[in-house]
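Engineer: Okay, here's the structure, questions in a sec.
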């Protein structure tokens, strides 16, 4: 009597191999999708970090005031390249006036030195100062636009670099500075702040009714408004000074500032 064979037939072996092949294919596809999703999320986070490093984070609030204006707030200009966020760019002397406070961003411990500007696929993130965005090609080329991942800065160039600061000079009683001052009396209004990487004075003059205005002022909270009243006739010289930090908001500027001096125009102009 012949016993039954306990071996595996060729058909059964083929069926098992087919099932294993399907399982492996599904596993590989799942792994590819997971890997691609990870690269995408990593790239989005890097683009977000780069954008806020350049223009600041409007949601960083301390005591009710925005305090983060990024590279633009410190330098009064956009970086020419992303490398400017890590290595101090050249600026006119003296060194003491240089306003760069970087590095503003760093690669993580498991990345190369240039890792901060590499996307999840290991390609260089693109940036041009006039474009106001940072972009990854999503592991493809510049021509495959459907794969691009872009983070716009959210501002126009003039919003970041060309704001207005204006206001009015008043005396201790709240009376605007007179349009005509006696000889030997002078009121100087100055605005100092970062521009193109160094501290500079912005042009401005006192107008009618004690009004003053400065244009082309970059965003930031490092601007100093200084108003000086000088009366040098007769000697000795009398003076009053008001100095304060001014926050210049993108697109908004700093408008309607009132500066009070510890003087009385009526007394000063009628000695």
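The values are calculated or read from the model by the stated rules, or taken from the named source; none is laboratory data. Nothing here was measured: the structure is a model prediction, and the numbers come from that model. We place every Cβ from the backbone using ideal geometry, glycine too, and count neighbours over all the protein chains shown.
Engineer: Here's a check for you: in segment 222-261, which residue that is assigned to a loop (DSSP other than H, G, I, E, B) and surrounded by 16 or more Cβ atoms within 10 Å (Cβ to Cβ) is modelled with the lowest pLDDT?
Structural biologist: Taking segment 222-261 first, the residues assigned to a loop (DSSP other than H, G, I, E, B) are 232-237, 250-252, 261.
Still in the list and also surrounded by 16 or more Cβ atoms within 10 Å (Cβ to Cβ): 250, 261.
Numbers: 250: 96, 261: 91.
That would be 261.
Engineer: Right, next: In this structure, is residue 166 at negative phi and touching a residue at least 40 places away in the same chain (Cβ under 8 Å)? Spell out the reasoning first.
Structural biologist: Details: at negative phi: yes; touching a residue at least 40 places away in the same chain (Cβ under 8 Å): yes.
Considered against the rule, which asks whether it is at negative phi and touching a residue at least 40 places away in the same chain (Cβ under 8 Å), residue 166 comes out as yes.
Engineer: Another question, if that's okay. Among the residues of segment 138-153, how many are in a loop (DSSP other than H, G, I, E, B), touching a residue at least 24 places away in the same chain (Cβ under 8 Å) and touching a strand residue (DSSP E or B) at 6+ places or on another chain (Cβ under 9 Å)? Walk me through how you get there before you give the answer.
Structural biologist: Here is the first cut: in segment 138-153, the ones in a loop (DSSP other than H, G, I, E, B) are 138-144, 148, 153.
Now restrict to residues that are touching a residue at least 24 places away in the same chain (Cβ under 8 Å): 138-139, 153.
Retained after the next criterion (residues that are touching a strand residue (DSSP E or B) at 6+ places or on another chain (Cβ under 9 Å)): 138, 153.
Here the count works out to 2.
Engineer: Looking for something outside any loop (DSSP other than H, G, I, E, B), under 14 Å from the mean Cα position of the chain (by Cα) and either free of Cβ contacts under 8 Å to residues at least 24 places away in the same chain or over 24 Å from residue 246 (Cβ atoms) (or both) - is there at least one such residue anywhere in segment 64-74?
Structural biologist: Step one: list which residues in segment 64-74 are outside any loop (DSSP other than H, G, I, E, B), which gives 65-66, 70-74.
The next check asks that each one be under 14 Å from the mean Cα position of the chain (by Cα); those that pass are 66, 70-74.
With either free of Cβ contacts under 8 Å to residues at least 24 places away in the same chain or over 24 Å from residue 246 (Cβ atoms) (or both) added as a condition, the list becomes none.
Within segment 64-74, not a single residue is outside any loop (DSSP other than H, G, I, E, B), under 14 Å from the mean Cα position of the chain (by Cα) and either free of Cβ contacts under 8 Å to residues at least 24 places away in the same chain or over 24 Å from residue 246 (Cβ atoms) (or both).
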